[in-house]
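**Q** Take a look at this one; I'll ask things after.
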């Protein structure tokens, strides 16, 4: 049997049970708020999702367009000058500082070119708070002027002070400069709770 609620000024809301066998219970929380339906125009935000659901957490992607010179064998932070997207404004000055605590899937690629046609070697690092979190030793080109390496990992960030940067080490001769192969991207894979 439907229950009809009369509006305070006009209109009615009718509550009707689905045609199913057995007894079902609907428990309404002791709180003031608005119930959402499948056609609601209200927004569901991260705090409203159950634990373990990433939902609309931070996501970003940035790459290197400009030139950055590297000293052979010396690790340096890769300058990422162009944001492709940054959903929560968490990426700035080549650093990702997420505002939601959780586990982030991060991928980085480091590429460089050399002014000489000799053996080149690239190493790629993901650093969290200034310490190596994930490292890749790959990326050798025995006879060419370009080398690159990539790495990825699942990194926990506390949502306030933790940050992630892309570092690279170029080994070779001549002038070593970054290339458009360099990029960093990531997204919230699972919330902290």
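**Q** Taking only pairs six or more apart or across chains, which ones have beta-carbon atoms under 6 Å, a first residue in the range 100-127 that is free of Cβ contacts under 8 Å to residues at least 60 places away in the same chain, and a second residue that is crowded, with 21+ Cβ neighbours inside 10 Å and in a loop (DSSP other than H, G, I, E, B)?
**A** Final answer for the pair search is 120/172; 122/139.
**Q** State which residue pairs qualify: first residue in contact (Cβ under 8 Å) with a residue 60 or more places away in the chain and inside the range 4-33, second residue surrounded by 10 or more Cβ atoms within 10 Å (Cβ to Cβ) and in a loop (DSSP other than H, G, I, E, B) in any location, beta carbons under 6 Å apart, and separation of 6 or more residues or different chains.
**A** Partner pairs satisfying both residue conditions: none exist.
**Q** Say whether the condition of being closer than 14 Å to residue 60 by Cα, surrounded by fewer than 21 Cβ atoms within 10 Å (Cβ to Cβ) and modelled with pLDDT of 85 or more is met by at least one residue in the range 131-146.
**A** no
**Q** Scan the range 17-39 and give yes if some residue there is at pLDDT 75 or above and surrounded by 10 or more Cβ atoms within 10 Å (Cβ to Cβ), otherwise no.
**A** yes
**Q** Taking only the range 47-103 into account, find how many residues are modelled with pLDDT of 95 or more, closer than 20 Å to residue 190 by Cβ and not in a strand (DSSP E or B).
**A** 3
**Q** In the list 126, 84, which residue meets the criterion of being touching a strand residue (DSSP E or B) at 6+ places or on another chain (Cβ under 9 Å) and buried (at least 16 other Cβ atoms within 10 Å of the Cβ)?
**A** Within the list 126, 84, the selection yields 126.
**Q** Which residues, counting only those in the range 104-121, are outside any loop (DSSP other than H, G, I, E, B) and either over 11 Å from residue 165 (Cα atoms) or touching a helix residue (DSSP H, G or I) at 6+ places or on another chain (Cβ under 7 Å) (or both)?
**A** 104, 105, 109, 110, 111, 112, 113, 114, 120, 121
The values are calculated or read from the model by the stated rules, or taken from the named source; none is laboratory data. The structure presented is a predicted model; accordingly, all values stated were derived computationally and were not measured. Methodologically, a virtual Cβ is constructed for each residue, glycine included, from the backbone with ideal geometry; neighbour enumeration extends over all protein chains shown.
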